[in-house]
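Student: Once you've had a glance at the structure underneath, I'll fire off some questions.
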Amino acid sequence: MKKAIKIILVIVAILAMMIGSSCFVVTNEDQYSLVRQFGKIDHIVKEAGISYRIPFIQTVDTLPKKKLLYDLSPSDVITSDKKTMICDSYILWEITDPLKFAQTLNCSISNAESRLDTTVYNATKNVISATSQDDVISGRDGSLSEAIMASIGNSLEQYGITIRDIQIKQLDLPNDNKAAVYERMISERNNIAAQYTAEGSSEAKKIMNSTDMEVTVMLSEAEKEAEILIAEGEAEYMRILSEAYADEGRQEFYSFVRSLDALKASMKGSNKTVILSADSPIAQIFYGK
């Protein structure tokens, strides 16, 4: 009898422990706990810790309370100038309203990712279809992602979802279009280079013409100054000669010197012999007449 009582007490204790443990709800930092009563959400535990539920009547579901990564499949998009491109991107998103999420998406992450895929793809297609290929390529610095985020707006709030970031991993051309686009880009760059070269040559010619003009003016001014100095020198020379010949005491000496200069100038080459007539002014000097 005592043994049976002990067995019953052990069973009761085990059942009590099982029932007691099933009363507790442990919520982690990175999750929501949805407490359901007869299948309907009774309340949501958003803060980490331990809470209570009614055993056998209430059940608990959990949802992630953190940023989630969803990698979209590469898809074709067409720009406003009818160029096809391949867009590969990813999304950072999180559940911000677990009640709406549970009611609209049945607590399914895969349902949420399907909804994200459709919404982000449509927004990406709309943004790129209104943008030229060159602007799409230059928009990879972040402006394209911002435009896609703006296009989505608050459309996902009805599902309790918030997109935190959209990033374009790769924005490329289809393989059959790459060669033609690269050739066009090379041609455009060559045209730009040729334009820069022509502008540089034109500017260089202007500088050379301006420099040549300045040099010509400077040479002209220098020649003018030289002519003025020569004229002034000759005038001074003539003044000195005039003063010298004005003095009778010096006239004979200057006549002698000039005659010697004239004689020296006439003695050219290796033959230094000079034949003078008796009545030559130079001969008169040597005769002392």
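Student: Give the residues of the stretch 29-43 that are of a type in the set (D, E, K, R) and buried (at least 16 other Cβ atoms within 10 Å of the Cβ), sorted by residue number.
Tutor: Arg36 - this is the single residue of the stretch 29-43 that is of a type in the set (D, E, K, R) and buried (at least 16 other Cβ atoms within 10 Å of the Cβ).
Student: Looking at the stretch 129-144 only, could you name the residues that are of a type in the set (Gly, Ala, Ser) and either surrounded by fewer than 18 Cβ atoms within 10 Å (Cβ to Cβ) or within 15 Å of Tyr70 (Cβ to Cβ) (or both)? Even if it seems obvious, please write down each step before you answer.
Tutor: Pass one, the stretch 129-144, residues of a type in the set (Gly, Ala, Ser): 129-130, 132, 138-139, 142-143.
Hits for the stretch 129-144 are Ser129, Ala130, Ser132, Ser138, Gly142, Ser143.
Student: Cβ contacts < 9 Å: first residue closer than 20 Å to Val257 by Cβ and at pLDDT 65 or above, restricted to the stretch 269-288; second residue among the basic types (Lys, Arg) and surrounded by fewer than 12 Cβ atoms within 10 Å (Cβ to Cβ), any location; separation 6+ or different chain. Result?
Tutor: Ala283/Lys289
Student: Pick from the stretch 81-123 the residues that are among the β-branched types (Val, Ile, Thr) and closer than 20 Å to Pro174 by Cα: which of them is surrounded by the fewest Cβ atoms within 10 Å (Cβ to Cβ)?
Tutor: So, considering only residues that are among the β-branched types (Val, Ile, Thr) and closer than 20 Å to Pro174 by Cα, the one surrounded by the fewest Cβ atoms within 10 Å (Cβ to Cβ) is Thr84.
Student: Please go through (1) in contact (Cβ under 8 Å) with a residue 24 or more places away in the chain; (2) closer than 22 Å to Ile163 by Cα; (3) not polar (S, T, N, Q) for Ile41 and return the number of the only condition it doesn't satisfy.
Tutor: It is condition (2) that Ile41 fails.
Student: Pick from Asn126, Asn175: which is at pLDDT 85 or above and open to solvent by 60 Å² or more (accessible area, probe 1.4 Å)?
Tutor: Values: Asn175 fails: at pLDDT 85 or above.
It is Asn126.
Student: Can I ask one more? Tally the residues that are out of contact with any Phe, Trp or Tyr (no Cβ under 8 Å at 6 or more places or on another chain) and open to solvent by less than 50 Å² (accessible area, probe 1.4 Å), restricting the search to the stretch 65-80. Even if it seems obvious, please write down each step before you answer.
Tutor: We begin by selecting, within the stretch 65-80, every residue out of contact with any Phe, Trp or Tyr (no Cβ under 8 Å at 6 or more places or on another chain); these are 66, 73-74, 76-80.
Still in the list and also open to solvent by less than 50 Å² (accessible area, probe 1.4 Å): 77, 79.
Qualifying residue count for the region: 2.
Student: What number of residues within the stretch 44-63 satisfy the criterion of being under 29 Å from Ile163 (Cα atoms) and surrounded by 14 or more Cβ atoms within 10 Å (Cβ to Cβ)? Please lay out each step first, then the result.
Tutor: Here is the first cut: in the stretch 44-63, the residues under 29 Å from Ile163 (Cα atoms) are 44-49, 60-63.
Those still in the list that are surrounded by 14 or more Cβ atoms within 10 Å (Cβ to Cβ) too: 44-45, 60-63.
Of the residues in the stretch 44-63, 6 are under 29 Å from Ile163 (Cα atoms) and surrounded by 14 or more Cβ atoms within 10 Å (Cβ to Cβ).
The values are calculated or read from the model by the stated rules, or taken from the named source; none is laboratory data. This one's a predicted model, so the numbers in the text were calculated from it and none came from an experiment. Cβ atoms come from the backbone with ideal geometry, glycine included; neighbour counts cover every protein chain shown. SASA here: full protein model, heavy atoms, side chains in, ligands and nucleic acids out. Shrake-Rupley method; radii C 1.70, N 1.55, O 1.52, S 1.80 Å.
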